[in-house]
Amino acid sequence: MRVLVRQVLQLIVISLAAFAPPPLRAQDAVDRALTLQRAPSSVRIDGDVSGSEWADIPPLVLTMYRPTAGLPPTDSSHVRVAYTADGIVASGRFWTPTAADVRGNSLYRDRTGSDDEFRLMLDTFDDRDNAVHFIATPLGNRIDFATAGDGQAMNFDWNAQWEAQARRLPDGWSVEMYIPFASLRFRSDSGRVRMRLLVARWSVARQELVTFPAVSPTFANAPMRSSLAQPVELPGVVARKPLLISPYALTGSRSLAQLNTSGAAWRMDRADRAEIGGDLKYGLASDMTLDATINTDFAEVEADDQQVNLSRFSLFFPEKRQFFQERFGTFAYNMGLGDNARVFHSRRIGLDNAGNPLRIYGGARLVGRTGPWDIGALAMQAEHASGTGSEHFGVYRVRRTLGDPQSFLGAITTVRTGHGAMNAVYGVDAQVRTLRNDFLTLQWAQSADDAIVERGRSGGMARVAYERRSDAGLVYSVVGRWIGKDHLPALGFVPRRDYASAQANVRYGWYPGAGRTFRYIQPSLFVVAHRRNRDHVMESAFANGFLNFETKTGIGGFVRYGLAREILPAPLPLGQGITVPAGRYDTESLLANVGLAPRWPLRASIGAEVAGLYDGRSTSVSLSPTWNVSSHAELGADLTRQRVRFASRNQVLHADLARVRVRLAANTKASLNTYLQYNRVSEQFAGNIRFRYNFREGRDLYVTFNDRLNSDRDRFTVEGAPELPLHAERSVAVKFSTVFIR
């Protein structure tokens, strides 16, 4: 093991020396900062920007990003950003040819798609890596999210406390925002704060995005990249140590179907709940935040999306719980190769393998930045999945930038203990920017588990990647990964072990320019292969050729042709009494998908695929319509009809999946979300109903109802056994939470 560690560290040091970070270029983001003006304390957030308080603040100059980068905006916009003693304020006045060209279709919080938008991105640490985003629509609806990895990773489950008000006008609309400093984390140097910002206007009618500063598709996902944002300084701002206390009270019950002791009948075991708990957020320093939680509950979290799994590997579900969201990129240690593999996945805490909640007794989380160091630490205690005893979870992460803010060297450790068992993972990683948009990534992790005494190299995982991050011109990535047979990250996610894998992706982004129908056309080739370590057999591989496109009216889609090989080492049960025999399967696939432009309240995407699946033939059609009936009601669905015919065995698998969502909002405070799902493979319906009333920012009432029903109650029945119950699980919860800020 020591030899392996030494070899990996030597490789990282040699790579860092060979690929020394280049000097920063002006196009990455000019170091010359724009000094924001201090707004008068009389600024009132009501959506009216015609007052004198905005008159002395100069507007920012916007430039078109899409449909054609570099052109002047089609319509006039006045965007102003300033600050007060307590926070950042921003205003926008957006002109349109007519009032009908203003699109505001939804009052549902954190929901957009066919609405005009005013966007403000803030890189509060000026680290050119992490950012928070605030969006307001013409109806005053608010959307917020966070990004990490310079726009590579997006977290739409992050929420902050802030205000926005908007007004629709005969010739456009106006909006005002206020983001309190208590909701932001930043550094203050002798009363001077340096951040980065990017503002944007999105017009649905014109399918046009204009930004300040100007950005180019030469950089991948440019409007989300904090490294391209404008540096700004806020003189006279003294960083405070905010204290936020968020208590909650909850009552409810959960019923779970269980066989009785004789196994002759099902019964519903009911457990009632009445609990209190809460979270605390305290700024230990201006750039270091402590989060503590007691008796944590996530009753307000929406249900996971149902997925159909026709492979032999585990499905990945994203984290939605709010406690784990802030500066989520600090703990990121992703080693994926198109499969979401990672050393730390927070869903391992407080959830069992089926996604059922387990009690979290308490914990603490420390995140922040000091100088060139990013620091993260997490410790939590939760109920054990067996129902007896508890487990301890610990995660510790550090990263240090290396001159260039997008080059770093880091390390991570995770620990999971309980019921006499212990699992630990430790790893190191490095990212080096070798050219303007080119990056080299090196990662190595090693696990240690009580269940396996002799581990050595078999407990390791290593990954190397080289990629160009751009949307225009020649773009490429090459990734290699090795995972030992004993690598077991108990706090992570690894879908397959004992493999050596390789991935290559080459594409060309062509932007025809002004006067052309297409905004971009992008052909690409994507190849992945997985080889077993024990016998060097290539167990699975595929090659996909894509043609992606988007028109300047917003219609987009792709066509994909693929070749695949899969070797099943053992028979694979798919459900509905169908099992695929072990063996080698070579298949082809053809998929086409098109999305209609989100210009109107009714929009949709449509797809169709014909593909080989093991020794069968799969045909599927998908439809995802969304209809904003009014600003108070939205109907949406994701519908997939899939049939897999196994002619040699005269069997047919029905793999239909349906998700239907109804969002109702009386205003921006009161909303009702109904989410119904049907998975034909598992033969289950799932329903989630969530009512939310926002008394004020930070004070909410949630009422949630969940039900899981068996649609085919005889599917597991054998001679003398009872049929499945109608209700597999159901629960109801009422939760009230509030926030006190000091």
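Some notes on this structure:
- Segment 606-631, subset outside any strand (DSSP E or B) and in contact with a strand residue (DSSP E or B) (Cβ under 7 Å, 6 or more places away or on another chain), residue surrounded by the most Cβ atoms within 10 Å (Cβ to Cβ): Tyr614
Residue-wise test of (1) at pLDDT 95 or above; (2) of a type in the set (Asp, Glu).
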{"position": "Val528", "(1), (2)": "yes, no"}
{"position": "Glu539", "(1), (2)": "no, yes"}
{"position": "Thr551", "(1), (2)": "no, no"}
{"position": "Glu609", "(1), (2)": "yes, yes"}
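- Candidates Val398, Val432, Val425, filtered to the one that is in contact (Cβ under 8 Å) with a residue 60 or more places away in the chain and more than 30 Å from Phe526 (Cα to Cα): Val425
- Given (1) closer than 30 Å to Ser630 by Cβ; (2) among the small types (Gly, Ala, Ser); (3) not in a helix (DSSP H, G or I), index of the condition Ala100 fails: (3)
- Contact map, segment 361-378: first residue under 11 Å from Val398 (Cα atoms), second residue of a type in the set (S, T, N, Q) and not in a strand (DSSP E or B), Cβ cut-off under 7 Å, separation 6 or more or different chains; pairs are Val367/Thr330; Asp374/Thr330; Gly376/Thr330.
- Residues of segment 455-485 satisfying the condition of being surrounded by 20 or more Cβ atoms within 10 Å (Cβ to Cβ) and outside any strand (DSSP E or B): Gly459, Arg469, Ser470, Gly484
- Segment 183-239, residues that are charged (D, E, K, R) and more than 22 Å from Trp158 (Cα to Cα): Asp189, Arg192, Arg194, Arg206, Glu208, Glu233
- The number of residues in segment 685-721 being at pLDDT 85 or above and either part of a strand (DSSP E or B) or within 20 Å of Ser671 (Cα to Cα) (or both) comes to 24.
- For segment 399-437, the candidate set comprises residues that are surrounded by fewer than 17 Cβ atoms within 10 Å (Cβ to Cβ) and assigned to a strand (DSSP E or B); within that set, the residue that is modelled with the lowest pLDDT is Ala421.
- Check on Leu488, touching a Gly at 6+ places or on another chain (Cβ under 9 Å) and closer than 24 Å to Gly350 by Cα: yes
- On the stretch given as segment 118-132, residues that are touching a residue at least 60 places away in the same chain (Cβ under 8 Å), within 20 Å of the chain's Cα centre (by Cα) and not in a loop (DSSP other than H, G, I, E, B) total 6.
- In segment 486-523, the residues that are at pLDDT 90 or above and among the aromatic types (Phe, Trp, Tyr): Tyr499, Tyr508, Trp510, Tyr511, Phe518, Tyr520
- Only residues that are of a type in the set (Gly, Ala, Ser) and in contact with a helix residue (DSSP H, G or I) (Cβ under 7 Å, 6 or more places away or on another chain) were counted across segment 463-489, and they come to 1.
- Every residue from segment 362-398 that is within 14 Å of Gly410 (Cα to Cα) and either assigned to a strand (DSSP E or B) or touching a Cys at 6+ places or on another chain (Cβ under 7 Å) (or both): Arg369, Trp373, Asp374, Ile375, Gly376, Ala377, Val395, Tyr396, Arg397, Val398
- Within segment 129-140, one or more residues are surrounded by 22 or more Cβ atoms within 10 Å (Cβ to Cβ) and in contact with a helix residue (DSSP H, G or I) (Cβ under 6 Å, 6 or more places away or on another chain).
- Any hit, segment 593-605, residues being among the polar types (S, T, N, Q) and crowded, with 16+ Cβ neighbours inside 10 Å: yes
- Residues of segment 173-230 satisfying the condition of being closer than 23 Å to Glu163 by Cβ and aromatic (Phe, Trp, Tyr): Trp173, Tyr178, Phe181, Phe186, Trp202, Phe212
- Where strands (runs of 3 or more DSSP E) sit wholly within segment 139-206, those with at least 3 residues that are at pLDDT below 90 occupy 153-155.
- Residue match in segment 480-492 (condition: closer than 30 Å to Arg617 by Cα and touching an Asp or Glu at 6+ places or on another chain (Cβ under 8 Å)): no
- Filter result for Thr124 (under 20 Å from Val193 (Cβ atoms), crowded, with 23+ Cβ neighbours inside 10 Å, among the hydroxyl-bearing types (Ser, Thr, Tyr) and in the same structural domain as Ala82 (by TED's automatic domain parsing)): yes
- Here the condition is being at pLDDT 95 or above and not assigned by TED's automatic domain parsing to the domain that holds Leu71; of Thr587, Thr626, it holds for Thr587 alone.
- Segment 724-742 residues that are free of Cβ contacts under 8 Å to residues at least 12 places away in the same chain and over 13 Å from Asp700 (Cβ atoms), paired with ones that are surrounded by fewer than 18 Cβ atoms within 10 Å (Cβ to Cβ) and aromatic (Phe, Trp, Tyr) (beta carbon under 9 Å, 6 or more apart): none
- For segment 552-569, the count of residues that are free of Cβ contacts under 8 Å to residues at least 12 places away in the same chain, surrounded by fewer than 16 Cβ atoms within 10 Å (Cβ to Cβ) and closer than 24 Å to Arg531 by Cα is zero.
- Boolean, His345 is in contact with a His (Cβ under 9 Å, 6 or more places away or on another chain) and not hydrophobic (A, V, I, L, M, F, W, C): no
- Ser501 of a type in the set (Gly, Ala, Ser), closer than 30 Å to Ser216 by Cα and buried (at least 20 other Cβ atoms within 10 Å of the Cβ): no
The values are calculated or read from the model by the stated rules, or taken from the named source; none is laboratory data. Computed from a predicted model, the values in this text were never measured in an experiment. Methodologically, a virtual Cβ is constructed for each residue, glycine included, from the backbone with ideal geometry; neighbour enumeration extends over all protein chains shown.
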